[in-house]
Amino acid sequence: MVKAIGPLDVLAQRGWLAHTPPSFRKTVLARTQLRQFRKGAAVYRLHDPPGGLWAVVKGAVELELPSPGTATHPVHFATPGFWFGEGPLVVGAARMMTVIASRPSTLATLPLADCHAILKVDPAAWRWIALLSIMTLELSAGGIADLLLRDPAKRVAALLLRLSGMRSAV
């Protein structure tokens with residue numbers, strides 16, 4: 001008998017959650033809620049109140065950062081298995097970027113209250129939130145390194161490799 005694949009299976013198999021222990025993964029997925037976004041819809045915007053974690057299940061999102069004195073600029077396109085939004089969980093501050101659905105998308109969210117409930121029961125689970133932050137830092141550092149490449153062909157190749165997930169050590 002072939003096991004049916006559920007919509008959240010991609011999160012258990014790819015990205016941050018795939019690198020966590022099965023018990024933590026199961027707990028997170030049990031509290032996760034699915035949401036649909038049309039192309040161009042904001043998941044959240046810069047300076048929105050703190051919220052929980054998000055993950056791309058189907059489709060893609062564009063992560064945008066502000067530049068001083070200008071509008072936000074896209075810095076990354078995320079595809080299924082990508083988790084984001086841990087900043088407010090860690091520091092309790094407002095959203096630090098804007099995230100927009102770049103096509104019709106299904107996203108999973110782990111609301112902030114559920115994040116706190118999981119961490120209250122299992123304080124050692126902060127290790128897995130730290131892992132997500134390190135993965136985000138690695139992605140950011142890789143993007144900066146790509147921009148520093150002088151050869152435009154190498155810079156574009158590096159960008160394409162990063163966007164396809166081929167330049168990540170994790």
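Conditions tested, residue by residue: (1) surrounded by fewer than 14 Cβ atoms within 10 Å (Cβ to Cβ); (2) under 15 Å from the mean Cα position of the chain (by Cα); (3) among the acidic types (Asp, Glu).
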| position | (1), (2), (3) |
| --- | --- |
| ALA113 | yes, no, no |
| ILE118 | no, no, no |
| ILE129 | no, yes, no |
| LEU132 | no, yes, no |
| ALA141 | yes, no, no |
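Which residue pairs have Cβ atoms closer than 8 Å, lie 6 or more positions apart in sequence or on different chains, and pair a first residue in region 65-85 that is more than 15 Å from SER140 (Cβ to Cβ) and open to solvent by less than 50 Å² (accessible area, probe 1.4 Å) with a second residue that is hydroxyl-bearing (Ser, Thr, Tyr) and not in a loop (DSSP other than H, G, I, E, B)?
Listed by first residue and then by second, the contacts come to THR72/THR98.
Against the conditions (1) open to solvent by 40 Å² or more (accessible area, probe 1.4 Å); (2) at pLDDT 90 or above; (3) in a loop (DSSP other than H, G, I, E, B), where does ARG95 fall short? Just the number, please.
Of everything listed in (1) open to solvent by 40 Å² or more (accessible area, probe 1.4 Å); (2) at pLDDT 90 or above; (3) in a loop (DSSP other than H, G, I, E, B), ARG95 misses just condition (1).
Please work out which one of (1) in contact (Cβ under 8 Å) with a residue 60 or more places away in the chain; (2) buried (at least 18 other Cβ atoms within 10 Å of the Cβ) is the condition PRO104 fails and give its number.
(2)
Here's a check for you: in region 15-70, which residue that is basic (Lys, Arg) and in a strand (DSSP E or B) is nearest to LEU119 (Cα to Cα)?
Looking at residues that are basic (Lys, Arg) and in a strand (DSSP E or B), I get ARG35.
Yes or no, residue by residue, for (1) within 24 Å of THR70 (Cβ to Cβ); (2) part of a helix (DSSP H, G or I); (3) modelled with pLDDT under 95:
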| residue | (1), (2), (3) |
| --- | --- |
| LEU119 | no, yes, no |
| ARG127 | no, yes, no |
| ARG150 | no, no, yes |
| ALA157 | no, yes, yes |
| ARG167 | no, no, yes |
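The values are calculated or read from the model by the stated rules, or taken from the named source; none is laboratory data. Because the structure is predicted, anything quoted here is derived from the model rather than measured. All Cβ positions, even for glycine, are placed from backbone atoms using ideal geometry, and neighbour counts span all protein chains on display. Heads up: the accessible areas ignore ligands, DNA and RNA and are worked out on the full protein's heavy atoms, side chains in. Shrake-Rupley method; radii C 1.70, N 1.55, O 1.52, S 1.80 Å.
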